[in-house]
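A.B. asks: The structure that follows is given in the form of structure tokens.
The values are calculated or read from the model by the stated rules, or taken from the named source; none is laboratory data. These numbers come from a predicted model, not from an experiment. Every residue, glycine as well, gets a Cβ built from its backbone with ideal geometry; the counts of neighbours run over all protein chains shown.
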Amino acid sequence: MSEIDAKDLAAYSEEADAWFAENVVRDPGFMLPLTFMEVGTDQQFHFLQDWQHKVWEAGYLGAAWPKAYGGRGLPQAFQTAATRAMRKHDGPIMLNAIGINWTGPLLLDIGSEDHKLKYLKGIVSAEDIWCQGFSEPDNGSDLGNAQTRAVRDGDDYVLNGSKIWTTLGRYAKYMILLCRTDPSAARKYDGLSFILTPMTVPGVRTVPIRKLTGEHGFTQTFFEDARAPADGLMGKEGEGWRVAMRTLEYERGARGGQAGGYVSVSTDAFEVLRLAQRMERGGRPALADPVARDRMVDFMIEIQSLDLCRQRLAVPALNSDRPMGLPLSSKLMNTEFARRINEFAVALTGARGAYSVGDDNAVDDGIWTRAYLNAFSATIGGGTSQIQHNIVGEHVLGLPKS
């Protein structure tokens with residue numbers, strides 16, 4: 001980077017730091033979601049939609065996307081600096097996760113010019129919310145067996161079927177839909193297509209799903225003779241599996257191009273450490289227990305390891321032995337770590353861990369129980385941990401499918 005570029009980056013970083021310091025709302029007066037999968041009320045949704053729009057308008061989201069599509073056309077280092085400032089000041093999450101992290105990068109990579117001009121600006125500005133239509137009630141981890149049908153009729157596809165776990169489905173304007181266009185294909189994967197589908201047309205119905213935490217972040221989506229414009233087809237008919245697998249690479253962090261920001265708040269190991277100091281066992285701090293202390297040390301070591309792995313990804317020479325090892329395993333490692341450390345935090349609260357958000361006896365208003373229960377969604381979405389183990393085994397270690 002030239003000297004003038006370095007100065008520009010430093011100035012941009014300072015501006016971002018000052019902007020987030022001034023504009024982050026510490027307490028909006030209601031519970032903010034820890035992840036985009038927890039947005040279950042209109043109040044939460046509209047607050048986060050306005051927040052993302054405000055961050056984008058200020059130039060701190062989509063900074064590395066081309067200007068023609070709603071970005072600022074800056075080097076990726078500028079967006080990295082903005083996201084760093086966002087984290088420093090504990091800004092709320094970005095709402096439009098499936099748009100800015102999966103759909104947007106996919107369109108930038110393989111979308112047509114019409115697709116880019118039509119969809120990208122609305123994605124990064126949060127005007128157009130996106131959801132994902134992959135999983136089905138009867139075909140969960142067997143994604144290749146998706147049965148939602150799309151039949152070509154003139155300039156449209158007529159859709160019938162159902163998708164489940166469509167996060168933000170009831171708020172979404174569009175869906176990335178994996179559907180079956182050729183049920184007679186010799187290989188089930190060859191009969192699938194990938195369609196950018198409107199959610200606001202007749203025949204599309206969403207039903208909220210109540211989770212263990214009481215939230216309604218997920219929905220089930222039903223298609224009953226709904227019509228999606230055929231110009232939303234990504235690639236050609238029958239190429240849906242290839243496009244879907246590429247999409248999952250963005251979801252799992254194996255490909256870049258995301259708009260920036262973050263869509264979930266990671267559990268702070270130091271907060272768990274302070275919790276262990278506050279909670280008591282037998283009249284003494286929980287951290288005085290050698291077993292609890294040993295586990296806490298293990299978590300601190302592990303979080304440092306995960307951070308070093310993220311840094312290692314940026315150095316090609318450190319990944320030459322197994323180039324896809326870290327990208328393909330990062331989703332598995334991070335989601336399972338979040339589940340385990342939140343489970344440990346709940347255990348530290350003892351019997352009070354049975355109380356949830358809003359209960360007077362809950363520790364820290366039940367945030368630890370809430371975080372633990374919600375952590376399971378990340379170990380399922382984007383491919384379950386069991387599927388992730390298979391991917392690492394087959395594509396990194398070269399183990400046979402059998």
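A.B. asks: Is segment 29-38 home to any residue that is within 30 Å of residue 359 (Cα to Cα) and either assigned by TED's automatic domain parsing to the domain that holds residue 166 or free of Cβ contacts under 8 Å to residues at least 60 places away in the same chain (or both)?
C.D. replies: Yes: one or more hits.
A.B. asks: List every residue pair whose Cβ atoms lie under 7 Å apart, where the two residues are 6 or more positions apart in sequence or sit on different chains, the first residue falls within segment 91-107 and is assigned by TED's automatic domain parsing to the domain that holds residue 46, and the second residue, located anywhere, is surrounded by fewer than 24 Cβ atoms within 10 Å (Cβ to Cβ) and among the small types (Gly, Ala, Ser).
C.D. replies: From segment 91-107, the pairs are 93/264; 95/126; 96/126; 105/257.
A.B. asks: If I ask for residues that are outside any helix (DSSP H, G or I), buried (at least 18 other Cβ atoms within 10 Å of the Cβ) and of a type in the set (S, T, N, Q), which ones from segment 93-125 would you list? Even if it seems obvious, please write down each step before you answer.
C.D. replies: Kept after step one, since they are outside any helix (DSSP H, G or I), are these residues of segment 93-125: 93-96, 111-112.
When the remaining residues are screened for being buried (at least 18 other Cβ atoms within 10 Å of the Cβ), the result is 93-96, 111.
Correct list: 96 only.
A.B. asks: If you don't mind, there's one more thing I want to ask. Can you spot a residue in segment 343-352 that is farther than 19 Å from residue 252 by Cβ, outside any helix (DSSP H, G or I) and either under 25 Å from the mean Cα position of the chain (by Cα) or in the same structural domain as residue 277 (by TED's automatic domain parsing) (or both)?
C.D. replies: Yes, segment 343-352 has at least one match.
A.B. asks: Within segment 20-42, take every residue that is modelled with pLDDT under 95 and assigned to a helix (DSSP H, G or I) and give me the one that is farthest from residue 372 (Cα to Cα).
C.D. replies: By that ranking, first place goes to 42.
A.B. asks: Considering segment 349-383 alone, what residues qualify as being surrounded by fewer than 16 Cβ atoms within 10 Å (Cβ to Cβ) and either of a type in the set (Ser, Thr, Tyr) or at negative phi (or both)?
C.D. replies: Selection gives 351, 354, 357, 359, 360, 361.
A.B. asks: Moving on to the next point. Need a quick list: strands (runs of 3 or more DSSP E) entirely within segment 145-249 having at least 2 residues that are closer than 30 Å to residue 31 by Cβ.
C.D. replies: Numbers: elements: 149-153, 156-164, 174-180, 192-198, 204-209, 218-229.
Counting at least 2 such residues, we get 156-164, 174-180, 204-209, 218-229.
A.B. asks: Name the one entry in 214, 235, 169 that is touching a residue at least 40 places away in the same chain (Cβ under 8 Å) and either out of contact with any strand residue (DSSP E or B) (no Cβ under 9 Å at 6 or more places or on another chain) or not assigned by TED's automatic domain parsing to the domain that holds residue 150 (or both).
C.D. replies: Of the residues listed, the single one that is touching a residue at least 40 places away in the same chain (Cβ under 8 Å) and either out of contact with any strand residue (DSSP E or B) (no Cβ under 9 Å at 6 or more places or on another chain) or not assigned by TED's automatic domain parsing to the domain that holds residue 150 (or both) is 214.
A.B. asks: Is it fair to say residue 185 is surrounded by fewer than 15 Cβ atoms within 10 Å (Cβ to Cβ) and more than 27 Å from residue 205 (Cα to Cα)?
C.D. replies: yes
A.B. asks: Out of 69, 60, report the one residue that is hydroxyl-bearing (Ser, Thr, Tyr) and closer than 22 Å to residue 174 by Cβ.
C.D. replies: After ruling out the rest, the residue left standing is 69.
A.B. asks: Would you confirm whether any residue within segment 230-242 is within 30 Å of residue 34 (Cα to Cα), of a type outside the set (Lys, Arg) and within 23 Å of the chain's Cα centre (by Cα)?
C.D. replies: Within segment 230-242 (the criterion being within 30 Å of residue 34 (Cα to Cα), of a type outside the set (Lys, Arg) and within 23 Å of the chain's Cα centre (by Cα)), the answer is no, since none of the residues qualifies.
A.B. asks: Please determine, by comparing only the residues of segment 171-216 that are at pLDDT below 95 and of a type in the set (Lys, Arg), which one is nearest to residue 233 (Cα to Cα).
C.D. replies: Among residues in segment 171-216 that are at pLDDT below 95 and of a type in the set (Lys, Arg), the one nearest to residue 233 (Cα to Cα) is 188.
A.B. asks: Continuing with this model, one more query. Sort through 126, 150 and tell me the only one that's more than 25 Å from residue 35 (Cβ to Cβ) and of a type in the set (Gly, Ala, Ser).
C.D. replies: Residue meeting the stated conditions: 150.
Rundown of residues vs (1) basic (Lys, Arg); (2) under 19 Å from the mean Cα position of the chain (by Cα); (3) in a loop (DSSP other than H, G, I, E, B), yes/no style:
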| residue | (1), (2), (3) |
| --- | --- |
| 358 | no, no, yes |
| 369 | no, no, no |
| 382 | no, yes, yes |
| 386 | no, yes, no |
| 393 | no, no, no |
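A.B. asks: Next question. Take residue 174 and tell me if it is crowded, with 16+ Cβ neighbours inside 10 Å, under 27 Å from residue 332 (Cα atoms) and either out of contact with any Lys or Arg (no Cβ under 8 Å at 6 or more places or on another chain) or without any contact (Cβ under 8 Å) to a residue 12 or more places away in the chain (or both). Can you show your working first?
C.D. replies: On the way: crowded, with 16+ Cβ neighbours inside 10 Å: yes; under 27 Å from residue 332 (Cα atoms): no; either out of contact with any Lys or Arg (no Cβ under 8 Å at 6 or more places or on another chain) or without any contact (Cβ under 8 Å) to a residue 12 or more places away in the chain (or both): yes.
Here the answer is no, as residue 174 does not meet what is asked.
A.B. asks: Does residue 300 satisfy the criteria of being closer than 20 Å to residue 372 by Cβ and not assigned by TED's automatic domain parsing to the domain that holds residue 71?
C.D. replies: yes
A.B. asks: I'm told residue 227 meets every condition in (1) buried (at least 19 other Cβ atoms within 10 Å of the Cβ); (2) at pLDDT below 95 except one. Can you identify the failing condition by its number?
C.D. replies: Tallying (1) buried (at least 19 other Cβ atoms within 10 Å of the Cβ); (2) at pLDDT below 95, residue 227 fails exactly one: (2).
A.B. asks: If I ask for residues that are farther than 18 Å from residue 385 by Cα and surrounded by 15 or more Cβ atoms within 10 Å (Cβ to Cβ), which ones from segment 137-146 would you list?
C.D. replies: Once the filter is applied, which keeps residues that are farther than 18 Å from residue 385 by Cα and surrounded by 15 or more Cβ atoms within 10 Å (Cβ to Cβ), segment 137-146 yields only 146.
A.B. asks: Quick check on this structure: which one of 76, 132 is of a type in the set (S, T, N, Q) and modelled with pLDDT of 95 or more? If you could, list the steps in order and put the result at the bottom.
C.D. replies: Numbers: 76 fails: modelled with pLDDT of 95 or more.
None of the other options fit; the residue is 132.
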